[in-house]
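Report on the structure given below.
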Amino acid sequence: PGIYVCAKCGHELFSSRAKYEHSSPWPAFTETVHEDSVSKRKERPGALKVSCGKCGNGLGHEFLNDGPKRGQSRF
């Protein structure tokens, strides 16, 4: 339980309350802690490249409409 932070700068990214089980080998989250926790840019249809909102460290992707509930995204 707690807050997941950027490994490079310690910026708050995700809360364990937004974490859920997914078939991917990485932790999956439905939302960020703060609106500015991450920055996003379109990479391909249905996926955004996600970086730390403070230092720009690469964090992976946001997959649109792939969350646990209809219409939710998965980080």
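No value in this document is a laboratory result; all are computed from the given coordinates. Fair warning: this is a prediction, and the values are worked out from it, not measured in the lab. Glycine gets a Cβ as well: all are built from the backbone with ideal geometry, and neighbour counts include every protein chain shown.
Given labels modelled 7 Å from the Cα in the Cβ direction, how far is it in nm from Val5 to Lys49?
2.7 nm
Considering all projection directions equally, how large on average is the shadow of the alpha-carbon convex hull of the chain, in square nanometres?
Quarter of the Cα hull surface area: 4.9 nm².
Label-point separation (nm) for Asp66 and Lys42, each offset 7 Å from Cα along Cα-to-Cβ?
Computed distance between label sites Asp66 and Lys42 equals 1.7 nm.
Show which lysines lie in cross-link reach of Lys54 when reach means a straight Cα distance below 25 angstrom and same-chain residues fewer than eight apart are skipped.
Reachable lysines: Lys8, Lys19, Lys40, Lys42.
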